[in-house]
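Visitor: Pasting in a structure now, in structure tokens, and then I'll have a few things to ask.
What follows is calculated from the coordinates using simple rules that are stated; it is not laboratory data. Since this is a predicted model, take the numbers as computed values, not measurements. Here the Cβ is made from the backbone with ideal geometry for all residues, glycine too, and neighbour counts use every protein chain on show.
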Amino acid sequence: MVEYSLDDGTTRQLNSTFSGLAAGAYYKSVRYTDGSCALERIETIQIVRPIAPIITDVQTEIAADCESPNASIVILSDQEEDDLLFSIDGGDSWHTSPVFTDLEAGAYQVSIRYINGSCQVDAPEVLNFAPPIVPEVNEILIDQPSSCEINDGQISIISLSDQELEYSIDGGQNWSSNSIFEYLSCGTFQVSISVIDGSCQVDAGEIISIEAPTAPQLTGIKQFQPNN
């Protein structure tokens, strides 16, 4: 029977497979179990510790759509993409692509590792995506036309939201950065607001009516005859 050693014969074993080895130099030796025919240092084996990958950048796009998740994360590394696996939940699940889209608001722990499962590296900070803030129509001021012939009706939309907003009085078909709409004729109007990037549209609950004043009607004529 043959026995094997990787440490110049300090220790020997009958199994030719050595596992759980640290990085370093190993010297392969073999001999019969009775000590005869020893071949010392027939091969030097160098085990090199792999270099852990580095997360060079994490690019994010924050969720803006109030109705569907649309945040994204792109993970960049100093290693070839094909050599790595990527995770945004701390390694609970792994993916071959570094691009993650359609993400909801929440916390994300970015991690990478080699495709063989070794050398996991976690980003130092957890990403936190806050839900988008939905603007609110706080008040609508209406000025009715002053006469039947003049288009001087006006709608003023008031929102106390801190975001930069745009405004509409036709349900979002047309938008304006100005919250005051002047020179309006008679008709019905659907007031809407949204964030300036077009997300989070909010429609006012009631349809606004601009009405001209009612024209006077001649209901009759009274005649008065002189007394003399």
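Visitor: Counting Lys and Arg as +1 and Asp and Glu as -1, each charge on the Cβ, what is the dipole of the chain about the Cα centre in debye, to the nearest 20?
Guide: Taking the Cα centre of the chain as origin, the dipole is about 680 debye.
Visitor: In addition: Could you tell me whether the chain comes out rounded, prolate or oblate from its Cα gyration tensor? Rule is a ≥ b ≥ c as square roots of the eigenvalues, rounded for a/c under 1.5, then prolate if a/b exceeds b/c, otherwise oblate.
Guide: prolate
Visitor: Which whole-angstrom value gives the distance between the alpha carbon centres of the stretch 164-228 and the stretch 12-27?
Guide: Their Cα centres are 86 Å away from one another.
Visitor: So, counting K/R as plus one and D/E as minus one, what does the shell of residues with Cβ under 15 Å around ASN174 add up to?
Guide: Once all neighbours under 15 Å are counted, the net charge is -4.
Visitor: In addition: Let me check against my output: what whole-number percent is the relative contact order of the chain, with C-alpha pairs under 8 Å and at least 6 apart?
Guide: That works out to 12 percent.
Visitor: So in the chain, what percent of DSSP beta bridges are antiparallel if you round to the nearest 5?
Guide: 95 percent
Visitor: Next question. Test of understanding: ordering ILE54, ILE112, ILE208 by Cβ neighbours within 10 Å, fewest first, what list do you get?
Guide: ILE54, ILE208, ILE112
Visitor: Fewest to most neighbouring Cβ within 10 Å: what's the order for LYS28, LYS222?
Guide: In order of increasing Cβ crowding within 10 Å: LYS222, LYS28.
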